[in-house]
């Protein structure tokens, strides 16, 4: 049967309409060709800063990074740096990481825990709510100066499903109105029970949207990542578009690509995924077509044994990746065991650079048989208890992020794509229906930049 873009592929065609797994109705964003200047001009970069980054809700971090009062982390966004902390009252608040006295950074580390914030320049102190506590040599500062109200400038901050969002726009609508995903979509994965077990920030020689485009489709896997063909179906992928630029693709795992001729033999890749689920491949006598269902059964049985609640997850969520786009710059690969939270962060000065900021989240369990799947790429010896917060691993331009073969391949490819986008021979992308998430994202971006939002 020929492909029909109005229906697309459905991972589970029998999913009830009210199921989060159900295919949503097609959204037609047209067929116009976007101009390539969006990927490299400073004009676009400045418009994005003024009309996008400073006006939308952005994921700054996760709740488990500020578990106790005084815990804090910092968050870079373009030319700004933010300080997120938990107050003595238990609230999570965000501030510009700037001392109002002379502009020094209030804190200069990625993470920490304090009783109050002390500026390293002149030792002015602020409480966890941002109020001024102490001025060094206060008798030398005229009261009229203090009357200007020197406190840390607060940024709007809300949480959803264990994720912390900030917004620089005081007039923006509430976070719940911005989130375009159905109720329960994020919450069912228990992200609020997950912890960071690896955090990497690498600089890539491409525009942040070039990065988004690459990660929002599986169309390129057969060409760029051929080794994935025996462990995931890159062709029959379910694409769903949601309001406000949100989207997802359900990528079936523990199954071979439809592009592979041999659909029966259980090869090394599938055996590897079976072992991760607690299945002994030597005792598995069915075909490759049966591995995905076997993995689902094994993971549900293991969850019951370990006391993990998977009742909110359908069987497909136990095997597949629900790669979910949170506008404007995030993709979360959602899995029963954990998640990959990827943020594509703009460079503060160069439109042809971005920072790939990715956190590996893990939902710990006391049962020793429950371990991090090998495909998550966590180095041997990593603390997965959730008791400690790992340092950020950093890599510069041209340095592989060391996050596994697939991501290293992407980091090598994207600068080549970026250079081609600059060519006079390139008039803009020609998106297929396998790239409908890209068109949906850029359509929403254009609405913001046009001033509609």
Original post:
If you check every pair at least six apart or on different chains, which have Cβ atoms under 9 Å apart with a residue in the stretch 372-395 that is more than 21 Å from residue 357 (Cβ to Cβ) first and a residue that is loosely packed, with under 15 Cβ neighbours inside 10 Å second?
Top reply: 374/275
Original post:
In the stretch 220-227, is there at least one residue being surrounded by 18 or more Cβ atoms within 10 Å (Cβ to Cβ) and under 18 Å from residue 344 (Cα atoms)?
Top reply: no
Original post:
Does residue 214 count as on the phi < 0 side of the Ramachandran plot, free of Cβ contacts under 8 Å to residues at least 40 places away in the same chain and assigned to a helix (DSSP H, G or I)?
Top reply: no
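Residue-wise test of (1) within 30 Å of residue 344 (Cβ to Cβ); (2) at pLDDT 95 or above; (3) assigned by TED's automatic domain parsing to the domain that holds residue 187; (4) outside any helix (DSSP H, G or I).
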{"residue": "271", "(1), (2), (3), (4)": "no, yes, yes, no"}
{"residue": "278", "(1), (2), (3), (4)": "no, no, yes, yes"}
{"residue": "291", "(1), (2), (3), (4)": "no, yes, yes, no"}
{"residue": "294", "(1), (2), (3), (4)": "no, yes, yes, no"}
{"residue": "297", "(1), (2), (3), (4)": "no, yes, yes, no"}
{"residue": "318", "(1), (2), (3), (4)": "yes, yes, yes, no"}
{"residue": "322", "(1), (2), (3), (4)": "yes, yes, yes, yes"}
**OP:** Scan the stretch 91-118 for residues that are under 24 Å from residue 348 (Cβ atoms), out of contact with any strand residue (DSSP E or B) (no Cβ under 7 Å at 6 or more places or on another chain), in contact (Cβ under 8 Å) with a residue 12 or more places away in the chain and surrounded by fewer than 20 Cβ atoms within 10 Å (Cβ to Cβ) and jot them down.
**Re:** 98, 100, 101, 102, 104, 108, 109
Original post:
Just checking, how many residues over the stretch 416-453 are without any contact (Cβ under 8 Å) to a residue 40 or more places away in the chain, surrounded by 11 or more Cβ atoms within 10 Å (Cβ to Cβ) and not in a helix (DSSP H, G or I)?
Top reply: 1
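Just to check your reading of the model, which residue among 173, 162, 112 is in contact with a helix residue (DSSP H, G or I) (Cβ under 6 Å, 6 or more places away or on another chain) and not assigned by TED's automatic domain parsing to the domain that holds residue 397? Full working, then the answer.
On the way: 173 fails: in contact with a helix residue (DSSP H, G or I) (Cβ under 6 Å, 6 or more places away or on another chain); 112 fails: in contact with a helix residue (DSSP H, G or I) (Cβ under 6 Å, 6 or more places away or on another chain).
Selected residue: 162, the only one of 173, 162, 112 that is in contact with a helix residue (DSSP H, G or I) (Cβ under 6 Å, 6 or more places away or on another chain) and not assigned by TED's automatic domain parsing to the domain that holds residue 397.
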Original post:
Just wondering, is there one or more residues in the stretch 336-348 that are outside any helix (DSSP H, G or I), touching a residue at least 24 places away in the same chain (Cβ under 8 Å), surrounded by fewer than 21 Cβ atoms within 10 Å (Cβ to Cβ) and over 21 Å from the mean Cα position of the chain (by Cα)?
Top reply: no
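The values are calculated or read from the model by the stated rules, or taken from the named source; none is laboratory data. Computed from a prediction, not measured in an experiment: that's the story for all the values here. Please note: Cβ atoms are built from the backbone with ideal geometry, for glycine as well, and neighbour counts cover all protein chains shown.
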